[in-house]
1. Can you work out ³J(HN,Hα) from phi for every residue in the stretch 59-72, in order, using Karplus 6.51 cos²θ - 1.76 cosθ + 1.60 and θ = phi - 60°, giving whole Hz and x for Gly and Pro?
2. Hey, what angle do you get for helix 2-13 against the long axis of the chain, alpha-carbon based, 0 to 90 degrees rounded to 10?
3. Taking H as built 1.01 Å from N, whose amide H comes closer than 5 Å to the amide H of residue 63, not counting residues under 5 places away?
4. Could you pull out every residue, at least 5 positions away or on a different chain, whose amide H is within less than 5 Å of the one on residue 58? Hs are placed 1.01 Å off N in the peptide plane, and Pro or chain starts have none.
5. Against the longest alpha carbon principal axis of the chain, how many degrees, from 0 to 90 and to the nearest 10, is the axis of helix 74-83 turned?
6. Can you compute the charge dipole magnitude of the chain about its Cα centre, using +1 on each Lys and Arg Cβ and -1 on each Asp and Glu Cβ, nothing else charged? Give it in debye, rounded to the nearest 20.
7. So what is the calculated 222 nm ellipticity per residue for the chain, using -39500 (n - 2.57) for each DSSP H run with n of 4 or more, over all residues, to the nearest 500 deg cm²/dmol?
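Any read-out appearing in this document is the output of simple, stated calculations on the displayed coordinates, not a laboratory observation. In this text, all values refer to a predicted model and were calculated from it rather than measured experimentally. Note that we place each Cβ from the backbone using ideal geometry, even for glycine, and neighbour counts take in every protein chain shown.
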Amino acid sequence: MEGEQRYAALVRAAAATAVGLDFDGTLAPIVDDPEKAHIHPDAPPVLVDLAAQVRAVAVVTGRPARQVLDLGGLEDVGDTVGAAGKGLYVFGQYGNERWSSTRRRVVGP
């Protein structure tokens, strides 16, 4: 019962919630060669569906933001998310680099 109540509270708060996800190990599998860590093929439409339910979706990574945008096809995802009036953000190098579906460029410190 408590689990159901917590889930219901989360659903009620979804429109005001930002969801942060790690790239490696969450959106992309851990692999021996980091250059081959492409996003799971089912992830882009899931990110779009998730963004429709929450305030924003963020991808956080230790990699450079540009590398994650390319490996994940996240600029295309950002186009779809942005068209729906929502935000997709990439925080590269643990937040030292930022990209958003609204600004469309990597910004550093």
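1. Once rounded to whole Hz, the list reads 10, 10, 8, x, 6, x, 4, 4, 4, 5, 4, 6, 5, x.
2. Helix 2-13 and the main axis of the chain meet at about 70 degrees.
3. Those lying under 5 Å, H to H, from residue 63 are 93, 94.
4. Answer set, sorted by chain and number: 19, 20, 21, 89.
5. So the inclination is approximately 40 degrees.
6. Numbers: 11 positive and 14 negative charges, 124 e Å.
Dipole of the chain, to the nearest 20 debye: 600 debye.
7. On the way: 4 runs with 41 residues, N = 109.
Using -39500 (n - 2.57) per qualifying helix, the result is -11000 deg cm²/dmol.
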